[in-house]
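Notes follow the structure.
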Amino acid sequence: MVQITLNGVKKEIADNTTIDKLLETMELPKFFVVEKNLKIIYKEEYKNHILKDGDTLEIASFCGGG
């Protein structure tokens, strides 16, 4: 098991979990952005990023307003 911080909350996930596999387990809005260790990760790269012990992920969604 690997411990990461997801949106400020510590979470244990399976070894060798990629960002895309983690996102499959979550209910997400249509538009969102993923930041890993203070770096924006592009959607095309999700499958290439294996999460490691101590990684920090922030998932932010977009909303309109006026």
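Some notes on this structure:
- Leading residue by the ranking (least open to solvent (accessible area, probe 1.4 Å)) among those in segment 2-40 that are within 16 Å of F62 (Cα to Cα) and of a type in the set (V, I, T): V34
- Output for segment 6-24, where each listed residue is in contact with a Phe, Trp or Tyr (Cβ under 7 Å, 6 or more places away or on another chain), assigned to a helix (DSSP H, G or I) and under 13 Å from D55 (Cβ atoms): I19
- Subset of segment 41-66 (residues that are hydroxyl-bearing (S, T, Y), farther than 19 Å from K10 by Cα and open to solvent by less than 100 Å² (accessible area, probe 1.4 Å)): Y46, S61
The values are calculated or read from the model by the stated rules, or taken from the named source; none is laboratory data. All values derive from a computational prediction rather than experimental measurement. No Cβ is skipped: glycine too gets one built from the backbone with ideal geometry, and neighbour counts run over all protein chains shown. Surface accessibility is based on the protein's heavy atoms, side chains included, excluding ligands, DNA and RNA. Shrake-Rupley method; radii C 1.70, N 1.55, O 1.52, S 1.80 Å.
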